[in-house]
1. Å³ per residue of the Cα convex hull, for the stretch 144-252?
2. Just round it to a whole percent: the fraction of Cα-Cα distances in the chain exceeding 27 Å.
3. Can you flag which of Lys118/Lys318; Lys190/Lys220; Lys195/Lys345; Lys77/Lys195; Lys109/Lys319 are past 27 Å Cα-Cα?
4. Using only DSSP helix segments of four residues or longer, with each worth -39500 (n - 2.57), what per-residue ellipticity at 222 nm results for the chain after dividing by its residue count and rounding to 500?
5. Percent of alpha carbon pairs in the stretch 67-130 separated by more than 16 Å?
6. For the chain, modelled as a Gaussian network with Cα springs under 10 Å, which listed residue fluctuates most, Thr327, Thr146, Thr158?
7. Once the other residues with Cβ under 13 Å from the Cβ of Asp99 are scored (Lys, Arg +1; Asp, Glu -1), what is the net sum?
8. How large is the Kirkwood hydrodynamic radius of the stretch 264-355, counting all unique pairs of alpha carbons, in Å?
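The values are calculated or read from the model by the stated rules, or taken from the named source; none is laboratory data. Only a predicted model underlies this, so the values are computations on that prediction, with no experimental measurement involved. Ideal geometry is used to build each Cβ from the backbone, glycine not excepted, and the neighbour counts take in all protein chains shown. Ligands, DNA and RNA are excluded from the accessible area calculation, which covers all protein heavy atoms including side chains. Shrake-Rupley method; radii C 1.70, N 1.55, O 1.52, S 1.80 Å.
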Amino acid sequence: MGSGKQRSYSELINVGIIVICSCLFVVNSDSDADADAGAKWRRPPVERSCANAYEGRWVYDESYPLYDSSACPNIRKEFDCNEYGRPDHLYLKYRWQPDNCDLPRFDAKDFLWRLSGKKIMFIGDSVSLNQMQSLLCLLQTGLPNTNIIGQSNDTITTVIFEDYDVSVILFHSLYLVDIQVVENVGRVLKLNSLKDGNIWKNIDVLVFNTWLWWYRRGPKQPWDYVEFDNKILKDMDRMDAFRQGLTTWAKWVDSDVDTTKTRVIFQGVSPSHYNGTEWDEPGVTNCANEKQPIVGSKYPGSLPEAALVVKDVLRTIKKPVHLLDITTLSQLRKDAHPSSFNGFKAMDCTHWCVAGLPDTWNQLLYTALVNNS
């Protein structure tokens, strides 16, 4: 186990889970799952396999949301739309309806039972944090009396559901590949290097995400140079850089991950909504007044190029990797962002309210896990 000391979950979140670029907490993984826990992975699925779970539409459902966000402690101020005064609540009342099946309603007890003795790690940027916070709310509100503790050091955040020995972990990584300080050069984004994989590879479930920071420029860009094929460059085409970095990750999956023991999932590209032309509202420059999803299953705008790159790279991987293909269904949810209803009062059409859309991402994650897809 990591060197960080144990604390109550509330204390951990209040003092430990820091802003997006901050240092996060770490625990070591335990690669030896007991035989009983392994058997639980082989339980029959809760629902027949749904090959096209990502194709469908949003439907109004009075039974939604899946939980009351006021009952979920310590939602980050970036995502807690209810706490920060969002007056409309219709955005909470939509359920994802696949074309050819029904998603199982999220069952916190079943989720933890199936993962007994295991660790699930979200690896990525603030969108990964967004999804992790949603999952924690689903689990906490579903099992309000379960014992929860946290462990910490400077790299990873871990929340442990003690009654089930399940760890939910966040590993903060903006690019998946490495950023290294090189003497006499500066901070270098190394597109061919992925050293953190040694920490990740023995975790039971890995959920990866990267995209948001690849076009970041100016003072907030966390690197000074980029290295590719042993050449250090001042910059390069960012989409090419994204493809090369993702290819390094893909090669690592094939070479280093034992997918008979570790489930590998890629979250897909989470869209933003700043250009109303994409959803047939020319002149709109943010999501501030959006209160309902787009009707139907088609988004007027095109898929982000990054989503196409993700699919291209995933096709090169020989080992099984599940794409949590949330891009299109999230594009339809122009209404589900915090907009200005967050702790910073800044316009945010990139992240998502909790409760809200990320709960559906976790329903899809739950479905993928229980159906061994």
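1. It is 137 Å³ per residue.
2. The answer is 47 percent, as a whole percent.
3. On the way: Lys118/Lys318 25 Å; Lys190/Lys220 18 Å; Lys195/Lys345 37 Å; Lys77/Lys195 32 Å; Lys109/Lys319 30 Å.
Check vs 27 Å cut-off fails for Lys195/Lys345; Lys77/Lys195; Lys109/Lys319.
4. Values: 9 runs with 91 residues, N = 373.
After summing the helix terms and dividing by residue count, I get -7000 deg cm²/dmol.
5. Values: 1394 of 2016 pairs.
Distances greater than 16 Å cover 69 percent of the Cα pairs.
6. Thr146
7. Here the count lands on 0.
8. Radius from the Kirkwood sum: 14.3 Å.
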